[in-house]
1. Could you list, in sequence order, the residues of segment 75-110 that are within 19 Å of residue 14 (Cβ to Cβ) and surrounded by fewer than 23 Cβ atoms within 10 Å (Cβ to Cβ)?
2. Taking segment 208-219 on its own, how many of its residues are surrounded by fewer than 16 Cβ atoms within 10 Å (Cβ to Cβ) and under 19 Å from the mean Cα position of the chain (by Cα)?
3. Considering 168, 202, which residue is in contact with a strand residue (DSSP E or B) (Cβ under 6 Å, 6 or more places away or on another chain) and over 15 Å from residue 94 (Cα atoms)?
4. Got a sec? Which of 167, 176, 222 is within 26 Å of residue 87 (Cα to Cα), under 18 Å from the mean Cα position of the chain (by Cα) and in contact (Cβ under 8 Å) with a residue 12 or more places away in the chain?
5. Considering 67, 96, which residue is modelled with pLDDT under 95 and out of contact with any strand residue (DSSP E or B) (no Cβ under 9 Å at 6 or more places or on another chain)?
6. If a residue has to be outside any helix (DSSP H, G or I) and out of contact with any helix residue (DSSP H, G or I) (no Cβ under 7 Å at 6 or more places or on another chain) to count, how many in segment 13-31 make the cut?
């Protein structure tokens, strides 16, 4: 059964990793998916995978740090599919490093691609989501580390996304729009790069996962997001949900 048949979704940063996994899972559940990203060839690859499985997809080149690019992206989705029901804010530049080492440029890029892009895109999509809309924004357990050394800037931009989501959930529920946050731990390209750059830290971190494995981008993260956007979760709103095998305790 395709629970999301007839729905239209926009997934940012869908050319690889978690964004790709979410796009594939949404399509498998019947969603027509617009996949956006900075590199058109990558999002076209994701769309090709969706079509090979019998789904319908649209590739859109988009720079989430540009308001004009975001505006044109939403217009393109609505024009092509005739509407929009699901928004997945996944794209993010990550400002990693100690406070003294993170440059203003890196922090600004994290802010512009994260909370500012999320704020802009939610507002742009709001008129189309009214009545039967679902927003899923991506945050990180970096904001819950007991020792935040090296993760202060990253955690800051991701925590801002969580607060924006909670605000939208409370303000827009009366308009028929739900907004939730996921905090995923998945075998993405970004995680692989981090593990390669910091092998000792990564090994110690992975050892704290109760289920003793890293999640799969589509099977563990994407399929949950598809469920969250379906009527099976129609009463779930304003929540932050860790998809990490039990590693983070949100309290």
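The values are calculated or read from the model by the stated rules, or taken from the named source; none is laboratory data. All figures in this text were calculated on a predicted structure; none of them were measured in a lab. Every residue, glycine as well, gets a Cβ built from its backbone with ideal geometry; the counts of neighbours run over all protein chains shown.
1. 75, 76, 78, 79, 80, 81, 83, 84, 85, 93, 94
2. 2
3. 168 is the lone residue from the list that is in contact with a strand residue (DSSP E or B) (Cβ under 6 Å, 6 or more places away or on another chain) and over 15 Å from residue 94 (Cα atoms).
4. None of the others qualify; the one that does is 222.
5. 96
6. 2
Condition check ((1) in contact (Cβ under 8 Å) with a residue 40 or more places away in the chain; (2) touching a helix residue (DSSP H, G or I) at 6+ places or on another chain (Cβ under 7 Å); (3) surrounded by 15 or more Cβ atoms within 10 Å (Cβ to Cβ)) across all residues:
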site	(1), (2), (3)
144	yes, no, yes
149	yes, no, no
158	yes, yes, yes
193	no, no, no
202	no, yes, yes
206	no, no, yes
230	yes, no, yes
238	yes, yes, yes
